[in-house]
Each structure stands twice: as structure tokens, then as C-alpha cells.
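Asker: For reference, the structure I am asking about is given below.
The values are calculated or read from the model by the stated rules, or taken from the named source; none is laboratory data. Keep in mind that what you see is a predicted model, and the values were worked out from it rather than measured. Reconstructed Cβ throughout: ideal geometry from the backbone, glycine too, with neighbour counts over all protein chains shown. Just so you know, the surface numbers come from the protein's heavy atoms only, side chains and all, with ligands and any DNA or RNA stripped out. Shrake-Rupley method; radii C 1.70, N 1.55, O 1.52, S 1.80 Å.
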Amino acid sequence: MKYHITRQDVTLLLTNKCGNQCKHCIPQSGPRLLGEMKTKNIIASLRTIRNVFHVPSIAISGGEPFLHVDFAIIYAEARRHFKLTLFSSGQGFKQYAEL
């Protein structure tokens, strides 16, 4: 079966975790949710998105993506294969300023 994609990107919500609790937040982020995807599954999903759907770009968001414990690993893998857009309030950014 061939897939027909009309979008040119995929949005990946890494975590629900966020300390800002903004009223306009679409996913209504707050605490980390039980059962959030493990890093190895996120990496596998990135490979599936690349190999099956062939989209050129990924948007990484959350919650607050910098608060994901393995953000640097996921970011590096996504960057290898996609153009990236990052949606963030900057919470937790300081530890990743060199990426």
C-alpha cells in the first residue's frame, strides 16, 4: 500500500512535562504523563517516519521538550535525518545551549 502525504512535516510531542501551565496550551501540559514513550521507541518512530512517510522535516514540541530526560539524544537523531523546528518556551534550555 502506498501512502499519500499532503503535509510536509510531522510534529513530535516528546513529553507532557512543563512547569509553565499556560492557559493557551493546546495539549494542556503539566506533569509528565504515565506511559510516555521511551527514548528507544521515539528513535524507532523517527526512523519509521523517515523510511515510510518520507517527510523532510519534523517539529519537536511538548509540553516542554527540553525537560525530556533524553532530549539531547532525540534531538541529535532527529537532526541527522530531518530539518527541525523546535517549539519551546525555553524552560530547561540552558543545559542544551551548546547543541
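Asker: Under 5 Å between amide hydrogens, which residues at least 5 positions from VAL10 or on another chain qualify, with H placed 1.01 Å from N in the peptide plane?
Answerer: SER57, ILE58, ALA59
Asker: With 24 Å as the limit, write out which pairs from LYS40/LYS83; LYS2/LYS40; LYS2/LYS38 have Cα-Cα distances beyond it, or answer none.
Answerer: Violating the 24 Å Cα-Cα cut-off are LYS2/LYS40; LYS2/LYS38.
Asker: Oh, and also: Only loop residues by DSSP count here, and only those with at most 13 other Cβ atoms within 10 Å; note down the trypsin sites (Lys or Arg not before Pro) in region 1-95 that meet that. Before the final figure, lay out each step's value.
Answerer: Working: sites: LYS2, ARG7, LYS17, LYS23, ARG32, LYS38, LYS40, ARG47, ARG50, ARG79, ARG80, LYS83, LYS94; in loops: LYS2, ARG7, LYS23, ARG32, LYS38.
Answer by residue number: LYS2, ARG7, LYS23, LYS38.
Asker: Report, in cubic angstrom per residue, the convex hull volume of the C-alpha atoms of region 42-85.
Answerer: Per residue, the Cα convex hull of region 42-85 comes to 65 Å³.
Asker: Compute the label zone of CYS25 within region 64-88: residues whose backbone N is under 16 Å from the point 7 Å along Cα-to-Cβ.
Answerer: Under 16 Å, as judged by backbone N against the label point of CYS25, lie 64-69, 87-88 of region 64-88.
Asker: Calculate how steeply helix 71-81 sits against the longest principal axis of the alpha-carbon atoms of the chain, using the helix alpha-carbon long axis, and give the answer as 0 to 90 degrees to the nearest 10.
Answerer: Approximately 20 degrees, to the nearest 10.
Asker: Accessible area per residue, 1.4 Å probe, Å², for the chain: what's the number?
Answerer: 70 Å²
Asker: For all pairs of alpha-carbon atoms in the chain, what percent lies in each bin of width 10 Å, listed from the first bin to the last filled one?
Answerer: 15, 46, 32, 7, 0
Asker: Turning to a different aspect of this structure: What is the percent carbon and sulfur in the accessible area of the chain, measuring with a 1.4 Å probe over the protein chains and ignoring ligands?
Answerer: That fraction is 55 percent.
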